[in-house]
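Novice: Following this message is one structure expressed as structure tokens.
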Amino acid sequence: MSPAATSPIRVTVWGENVHEQKHQVVRDLYPQGMHRCIADGLTEAEGITACCATLQDPEHGLSDEILDATDVLTWWGHAAHGQVDDKIVERVQRRVWEGMGLIVLHSGHYSKIFKRLMGTSCSLTWREAGEKERLWVCNPGHPIAAGIDRYFELPNTEMYGEPFGIPTPDEQVFISWFEGGEVFRSGCTWKRGQGRIFYFRPGHETYPIYHDRNVKTVLKNAVRWARPDGQTWKDTCPNVPIEQAPEPISKKGGSLHAPGEEGYK
Ligand code: ZN
């Protein structure tokens, strides 16, 4: 087993932390913020460490140093997607390409980072009626579904329905049915560069979703699945000089580049 597989998984739980400040119903459910509840759920498991970062922190709590020390980033946002600095979004995207795992939660479907990595609208339909959600396991052999029965239910949720404007997922782990009749692809995976991405739908702020036992199980599973495999690829587009070609070649034709010039121009 490689050292990467035995060392603790370092998770950074990112929370927008806006509803907790503005709405008593959210504060009552999450007195220390949704991010702290998510982090506490993750660290119930041995081998996972979690720290929190919020929109209000300098650099949104996502400095180069913090991201370099993050194996998996979780992202919850809703009311303030537009306030997330584009420079930070680019930084997170680069880290995903290099191998950092990313778990996007609920209304994070409309975050800058998710839309950027998906390259599509990430639009969906929705309704806030406190209705029941039944999450069906599409693939019982998938590690993210470990410990979950054929399905689990959440008694009160916000409905998200199809069409969901995402690229076809690499793997479909959960699909949801709602009391009102809609269905939704509620657990999906992709790979972007070296990084693994999981979108997980539940998480509306006015219900105790992140206190739910099954939700906590899925998030722990997802963190283990999304951890980097130990390989990183910093794709800086290096030049390979003629004399370093695997087979001897000589230069033909013209060029815009000086010998030994670094970087893509
Ligand atoms: Zn919501």
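Novice: What shape does segment 29-78 take by its C-alpha gyration tensor, where a ≥ b ≥ c are the square roots of the eigenvalues and a/c under 1.5 counts as rounded, a/b above b/c as prolate, and the rest as oblate?
Specialist: oblate
Novice: Given the options Arg94, Arg201, Arg185, state which has the largest fluctuation in a GNM of the chain using a 10 Å cut-off (strictly under) for Cα springs.
Specialist: In the Gaussian network model the winner is Arg94.
Novice: Name the most mobile residue of Gln172, Gln194, Gln231, meaning the one with the largest mean-square fluctuation, in a Gaussian network model of the chain with Cα contacts below 10 Å.
Specialist: Checking each option, the largest mean-square fluctuation is seen for Gln231.
Novice: Where a Cα-Cα gap under 19 Å defines reach, which aspartates and glutamates qualify for Lys252, not counting those fewer than 8 residues away within the same chain?
Specialist: Glu243, Glu261
Novice: If you take the square roots of the eigenvalues of the alpha-carbon gyration tensor of segment 75-158 and sort them as a ≥ b ≥ c, do you get rounded (a/c under 1.5), prolate (a/b over b/c) or oblate? Let's see the in-between values first.
Specialist: Numbers: a/c = 2.76, a/b = 1.42, b/c = 1.95.
It comes out oblate by the Cα gyration axes.
Novice: Which chymotrypsin sites (Phe, Trp or Tyr not before Pro) does segment 187-265 hold that lie in a coil by DSSP with at most 12 other beta carbons within 10 Å?
Specialist: On the way: sites: Trp190, Phe198, Tyr199, Phe200, Tyr210, Trp225, Trp233, Tyr264; in loops: Trp233, Tyr264.
Taking segment 187-265 and a limit of 12 other Cβ atoms within 10 Å, the loop chymotrypsin sites (Phe, Trp or Tyr not before Pro) found are Trp233, Tyr264.
Novice: Between Val25 and His211, how many nm apart are label points set 7 Å from Cα along the C-beta direction?
Specialist: 1.5
Novice: Which value at 222 nm does the chain reach when only helices count, each DSSP H run of 4 or more adding -39,500 (n - 2.57), with the total divided by all residues and rounded to the nearest 500 deg cm²/dmol?
Specialist: After summing the helix terms and dividing by residue count, I get -6000 deg cm²/dmol.
Novice: I want to verify a result. In a Gaussian network model of the chain, Cα cutoff 10 Å, which of these has the top mean-square fluctuation: Cys122, Cys188, Cys237?
Specialist: Cys237
Novice: If r is the Cβ-Cβ distance from Ala258 to Thr120 and R0 is 35 Å, what FRET efficiency results, to the nearest 0.05? Please report the intermediate quantities before stating the final value.
Specialist: On the way: r = 40 Å, r/R0 = 1.14.
Step by step, r from the Cβ atoms, then E = 0.30.
Novice: I need the semi-axes of the equivalent ellipsoid of segment 33-181: take the C-alpha gyration tensor, multiply each eigenvalue by 5, square-root it, list largest first in whole angstrom. Don't jump to the answer; show the numbers that get you there.
Specialist: Numbers: eigenvalues 140, 74, 52 Å².
Equivalent ellipsoid semi-axes, largest first: 26, 19, 16 Å.
Novice: Oh, and also: For the residue pair Asp85 and Asp57, what label-to-label distance in nm results when each label sits 7 Å from Cα along the Cα-to-beta-carbon direction?
Specialist: Roughly 1.4 nm, to one decimal.
Novice: Moving to a separate point now. First select every other residue whose beta carbon is under 13 angstrom from the beta carbon of His60; then total the charges, Lys and Arg +1, Asp and Glu -1.
Specialist: Overall, the nearby charge balance is -4.
Novice: Follow-up. How much of the DSSP beta bridge set in segment 78-217 is antiparallel, as a percent to the nearest 5?
Specialist: On the way: 25 of 29 bridges.
Looking only at bridges with both residues in segment 78-217, the antiparallel portion is about 85 percent.
Novice: Can I ask one more? Gain in length, Asp68 to Cys237, computed as 0.36 nm per residue apart minus the alpha-carbon separation, to one decimal in nm?
Specialist: Here the answer is 58.8 nm.
Novice: Compute the Kirkwood hydrodynamic radius of segment 194-265, taking the inverse of the mean of 1/r over all pairs of distinct Cα atoms, and give it in Å to one decimal. Before the final figure, lay out the partial values.
Specialist: Details: mean 1/r = 0.0571 Å⁻¹.
Evaluated over segment 194-265, this radius sits at 17.5 Å.
Novice: Out of all DSSP beta bridges with both ends in the chain, state the antiparallel percent to the nearest 5.
Specialist: Details: 25 of 46 bridges.
Percentage antiparallel, nearest 5: 55.
Every read-out reported here was derived from the displayed coordinates using simple, explicitly stated rules and does not represent laboratory data. Quick caveat: nothing in here was measured; it's all calculated off a predicted structure. Cβ sites come from the backbone with ideal geometry, for glycine too, and all protein chains shown count toward neighbours.
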